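Colleague: Below is the structure I would like to discuss, written out as structure tokens.
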Amino acid sequence: MAKDDRDASAQTREREQAESLARIESGGIPVQAERRLREMAARDAPFSSTLSVDEFALCSKLGLQPLGQVLGASVHQVGWQNLPWSGSWGGGLIVELDVIAAAWEEARRRAFDRLAEEASHLGADVVVGVRLHRGVHDWAAGAVDYVVNGTAARLPGSERAGHPLLSDLSGQELWLLHEAGYAPVGLVATTAVFFVSPSASTQWARFMTSAVNQELTDFTQGVYAARERALGALASQAGASGADGIVGVRIEQQSGLHSFRMGSIGGQGDREGLMITLQAFGTAIRDRKRADQPTPQAAIELGR
């Protein structure tokens, strides 16, 4: 390759990288991803999917036409999380960490939006078998990541209006749901994060009786608080979409010791306790026999 051609190619890559970064900053997908998806849709290329053979066969019976695998991802920095000033006074604490929870919500919202955007470029009406992967990493301290993937598909006789519907149901589950007279409305998901720190007197009393079996009641209460916060958010999302219920609700919990540096006002030093992160998600459904049942076309807005 001539030097001029190499220079032109390098400049093109730099422009695409800059444009891709700008798209990601605005919540979109990279240039290369959009180009690949559009080319797949234009030439009607062989599809790849996350469906098993059984799932593919059942989806075919429902008239679903698989189009290809799609993905959405977001790595999000967590901002500064404060504790109430009273937290440095030695009293017991069970408090929601709203900044950390909001980081998870924003990462998930962007990941789901990008998943739907990729599916739209393939001409899809629905994304089935959506799988969620979440984590924190040593290489990005103070950051959380959210990755989702699934199989984009087209519904029989659809006119494609709006965003593709998202569902974490498998092919078998979609078939059973259809046979029971229900249809998916969209994914609902939320994250609740709570910090639990016993009072100084409680910690001392437990230290004195450490050889005795006993329930750590404040930590138990913290788990319940996170659970109620998460399930309440799921119910609110499903209700806003007009769903009759939520199926396949899964709750994933991570707990670990955490400490917060307290300021000079109200006290000094660290406040230690247990940070409980609870992820909850499922698929909202609606009775197809209802007279006001529209053909589902839009994914539920998450994290807002």
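The values are calculated or read from the model by the stated rules, or taken from the named source; none is laboratory data. Source: prediction; values computed, not measured. We place every Cβ from the backbone using ideal geometry, glycine too, and count neighbours over all the protein chains shown.
Colleague: Of everything in region 165-194, what is under 16 Å from the mean Cα position of the chain (by Cα) and assigned to a loop (DSSP other than H, G, I, E, B)? Give them in sequence order.
Modeller: The answer is Ser167, Asp168, Leu169.
Colleague: So Leu62 clears everything in (1) surrounded by 13 or more Cβ atoms within 10 Å (Cβ to Cβ); (2) modelled with pLDDT of 85 or more except one condition, right? Which one?
Modeller: Tallying (1) surrounded by 13 or more Cβ atoms within 10 Å (Cβ to Cβ); (2) modelled with pLDDT of 85 or more, Leu62 fails exactly one: (2).
Colleague: Restricting attention to region 178-198, does a residue exist that is over 30 Å from Glu106 (Cα atoms), without any contact (Cβ under 8 Å) to a residue 24 or more places away in the chain and among the aliphatic types (A, V, I, L, M)?
Modeller: Within region 178-198, one or more residues are over 30 Å from Glu106 (Cα atoms), without any contact (Cβ under 8 Å) to a residue 24 or more places away in the chain and among the aliphatic types (A, V, I, L, M).
Colleague: Between a residue in region 55-84 that is within 21 Å of Gly150 (Cβ to Cβ) and any residue that is assigned to a helix (DSSP H, G or I) and of a type in the set (Lys, Arg), which pairs come within a Cβ distance under 7 Å, given they are 6 or more apart or on different chains?
Modeller: Gly72/Arg114; Ala73/Arg114; Ser74/Arg110
Colleague: Name the residue, out of Thr12, Thr50, that is touching a residue at least 60 places away in the same chain (Cβ under 8 Å) and polar (S, T, N, Q).
Modeller: From the options Thr12, Thr50, the qualifying one is Thr50.
Colleague: So, in region 24-42, of the ones that are among the acidic types (Asp, Glu) and within 16 Å of Ala119 (Cβ to Cβ), which residue ends up modelled with the lowest pLDDT?
Modeller: Glu39
Colleague: Something else: What do you reckon, is Ala45 of a type outside the set (Val, Ile, Thr) and at pLDDT 80 or above?
Modeller: Against the criterion (of a type outside the set (Val, Ile, Thr) and at pLDDT 80 or above), Ala45 does not qualify.
Each row is one residue, and each column tells you yes or no for (1) of a type outside the set (Phe, Trp, Tyr); (2) farther than 24 Å from Glu179 by Cβ; (3) touching a strand residue (DSSP E or B) at 6+ places or on another chain (Cβ under 9 Å); (4) modelled with pLDDT under 95.
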position	(1), (2), (3), (4)
Phe195	no, yes, yes, yes
Phe219	no, yes, yes, yes
Val249	yes, no, yes, yes
Gly273	yes, yes, yes, yes
Arg290	yes, no, no, yes
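Colleague: A further question on this structure: Those residues that are closer than 27 Å to Arg286 by Cα and within 16 Å of the chain's Cα centre (by Cα), I need them from region 247-261; list them, please.
Modeller: Matches in region 247-261: Gly248, Val249, Arg250, Ile251, Glu252.
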